Amino acid sequence: MLTAHTARHSSGRAEVTAYQDAHSGRCVLYAQGVFDAVTTEVLGQALARTRVSRIEVDCSAVTFADVAFLRALLSGGSSGARVAVTAPSLAVCRLLEATGSTGLLLATRNSPAAPATPPARTSCVQAR
C-alpha cells in the first residue's frame, strides 16, 4: 500500500510530498520550491515523520537551497535515517559542491538508496 502526504509551508514557497510504500518500506520525498531558514521546516517535519532506515529526496524541483536545507538532509530527521539526494537541481548541486557534501548525500546508481529506475540526473555534473 502506497501512502502519500504533502506539507506546504504557509508562505507557499516550499512543499514536500512524501510517498511511502508500506510493503517495501521505500520512502521518497519530493521537494519543490525555495528552501531557506524559514521554509526548510516542512522538509524537517517530513523527515521526522518517516520511519525507515533510508529516505530518497528528489530535489529536481528545488529552486533555492541554503545551509538550513543541507542541515535537514544531513540530520535525517528524528529517526536518524540515511538520506540520499536523487535528481539534484542546479541549486542543490551548488550547495552540495560548495559545502563538500556531494559524497555524503548524492545517490548514485550503485548506492542502496538509489531508485530502482535511475533518475534523469544522478550527478551534479549532469545538472549543469
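The values are calculated or read from the model by the stated rules, or taken from the named source; none is laboratory data. Because the structure is a prediction, the values reported are computed rather than measured. Backbone-built Cβ (ideal geometry, glycine too); neighbour counts: all protein chains shown. The protein model used for the area step is the full one, side chains on, heavy atoms only, and it has no ligands, DNA or RNA in it. Shrake-Rupley method; radii C 1.70, N 1.55, O 1.52, S 1.80 Å.
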Selection over the range 21-45 where residues are small (G, A, S) and under 20 Å from L104 (Cα atoms) yields a count of 2
Candidate set: the range 7-23, residues that are open to solvent by 70 Å² or more (accessible area, probe 1.4 Å) and within 17 Å of the chain's Cα centre (by Cα); chosen: the one nearest to F35 (Cα to Cα)
R13
Please go through the range 45-64 and give me each residue that is open to solvent by less than 10 Å² (accessible area, probe 1.4 Å) and small (G, A, S), ordered by number.
A46
Failed condition for R26, given (1) more than 22 Å from T99 (Cα to Cα); (2) buried (at least 19 other Cβ atoms within 10 Å of the Cβ), with all others met?
(2)
Going by the conditions given, is V42 open to solvent by 30 Å² or more (accessible area, probe 1.4 Å), of a type in the set (V, I, T) and under 20 Å from P88 (Cα atoms)?
no
Out of T17, T39, which single residue is of a type in the set (S, T, Y) and either in a helix (DSSP H, G or I) or over 15 Å from L2 (Cβ atoms) (or both)?
T39
Does any residue of the range 33-41 turn out to be touching a residue at least 12 places away in the same chain (Cβ under 8 Å), of a type in the set (A, V, I, L, M) and in contact with a helix residue (DSSP H, G or I) (Cβ under 7 Å, 6 or more places away or on another chain)?
yes
Can you name the number of the only condition in (1) out of contact with any Gly (no Cβ under 7 Å at 6 or more places or on another chain); (2) under 20 Å from C124 (Cβ atoms) that V83 fails?
(1)
Collect the residues in the range 42-58 that are of a type outside the set (S, T, N, Q) and either in a loop (DSSP other than H, G, I, E, B) or out of contact with any Cys (no Cβ under 9 Å at 6 or more places or on another chain) (or both), keeping them in residue-number order.
V42, L43, G44, A46, L47, A48, R49, R51, V52, V57, D58
